[in-house]
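For reference, the structure is listed below as structure tokens.
The values are calculated or read from the model by the stated rules, or taken from the named source; none is laboratory data. Since the model is a prediction, treat every value here as computed from it, not as a measurement. Please note: Cβ atoms are built from the backbone with ideal geometry, for glycine as well, and neighbour counts cover all protein chains shown. For accessibility, only protein heavy atoms count, side chains too; no ligands or nucleic acids. Shrake-Rupley method; radii C 1.70, N 1.55, O 1.52, S 1.80 Å.
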Amino acid sequence: MANCKSSYSDPTAQIASSSASSGCAGVCMMSSSWRDEQHPSFINFISSFLRENSFRLNFVLIAPDFIFNCGGLSISFVFITNWDCNNIEPVFSRVKKLKEQFAHLYVVVTLPTREQNDSFVRSYFKYGMELGKPTFVPVQDREMGFEKIVKIAHSRGACKRQDAVSKLKAERRRSVESMDIFLKVVTSIPLIDNHDANALNQAIGSIEAIAKASKEHILENTDLSAEKAEMIFRFFRDPKLYLSAKIN
């Protein structure tokens, strides 16, 4: 998917193009009660913005205002579109409660005036908020606020996907290294080559399982000859053989 289409310039959290192949960047769940408090034109803007950026929108009963599922990660948002300088306590009480329930929580606050911005700063420290717990994102208007929400959600999801890919690569590398060691050990047995070692790995399993296998079991489950099966059986039981083996 292309970068989030936006009228605002934001160098952070660009949406990666690699999501295009999936056809869907993720799922956005919007609180139906939050929706009912907003002007219909803003809900239309949100719907269009999500559609343009390949997000699916669902209206549900949830405690936060939004929950995004991206890349196997759920990110929750409180979106305050009207900062009331005379009614602040309920906002911070709600945020404190939600941060205990949702691991990845952000609070986006629309502060178009200097008065509202000053009120927010004073209140933030008055109600004992910790920096980053959760992260507050002040914005100048609602549209910019929602664009920030989508970019945060997508960037967190992209990081999660990248982390998963990195783990898979690491597991694959360990698997290759493990198989390399297996081949070196098994092919140190006289008469046994790489083909035989792969056959033993697929039919019998680990080096420990091969060491415990009888000659008959090896013959029944692989295409190895009787001579090679006998050698394997003897190898793990005769110190003269396994102590003299050379592993390349």
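Some notes on this structure:
- First in region 172-184 and without any contact (Cβ under 8 Å) to a residue 60 or more places away in the chain, second anywhere and open to solvent by 70 Å² or more (accessible area, probe 1.4 Å), Cβ under 8 Å, 6 or more apart: 183/194
- Any hit, region 76-92, residues being open to solvent by less than 60 Å² (accessible area, probe 1.4 Å), more than 22 Å from residue 33 (Cβ to Cβ) and modelled with pLDDT under 90: no
- The set of residues in region 87-111 that are assigned to a loop (DSSP other than H, G, I, E, B), in contact with a Ser or Thr (Cβ under 9 Å, 6 or more places away or on another chain) and farther than 19 Å from residue 152 by Cβ contains only 88.
- Those residues of region 37-48 which are closer than 17 Å to residue 77 by Cα and more than 32 Å from the chain's Cα centre (by Cα), in sequence order: 37
- Search result, residues across region 130-143 that are more than 18 Å from residue 43 (Cβ to Cβ) and either touching a Leu at 6+ places or on another chain (Cβ under 6 Å) or surrounded by 20 or more Cβ atoms within 10 Å (Cβ to Cβ) (or both): 134, 138
- Taking the listed residues 200, 183, the one that is closer than 29 Å to residue 223 by Cβ, at pLDDT 90 or above, in contact with a helix residue (DSSP H, G or I) (Cβ under 8 Å, 6 or more places away or on another chain) and not β-branched (Val, Ile, Thr) is 200, with no other qualifying.
Conditions (1) open to solvent by 90 Å² or more (accessible area, probe 1.4 Å); (2) within 21 Å of residue 28 (Cβ to Cβ); (3) more than 22 Å from the chain's Cα centre (by Cα); (4) modelled with pLDDT of 85 or more, marked per residue:
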{"position": "145", "(1), (2), (3), (4)": "no, yes, yes, yes"}
{"position": "153", "(1), (2), (3), (4)": "no, yes, no, yes"}
{"position": "156", "(1), (2), (3), (4)": "no, yes, no, no"}
{"position": "167", "(1), (2), (3), (4)": "yes, no, no, no"}
{"position": "174", "(1), (2), (3), (4)": "yes, no, no, no"}
{"position": "177", "(1), (2), (3), (4)": "yes, no, yes, no"}
{"position": "188", "(1), (2), (3), (4)": "no, no, yes, yes"}
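- Look at region 60-76: where a residue is touching a residue at least 12 places away in the same chain (Cβ under 8 Å) and a partner is of a type in the set (Gly, Ala, Ser) and part of a strand (DSSP E or B), sitting 6+ places away or on another chain with Cβ atoms under 6 Å, you get 62/31; 64/76; 65/31; 67/74; 67/76; 68/26; 69/26; 70/26.
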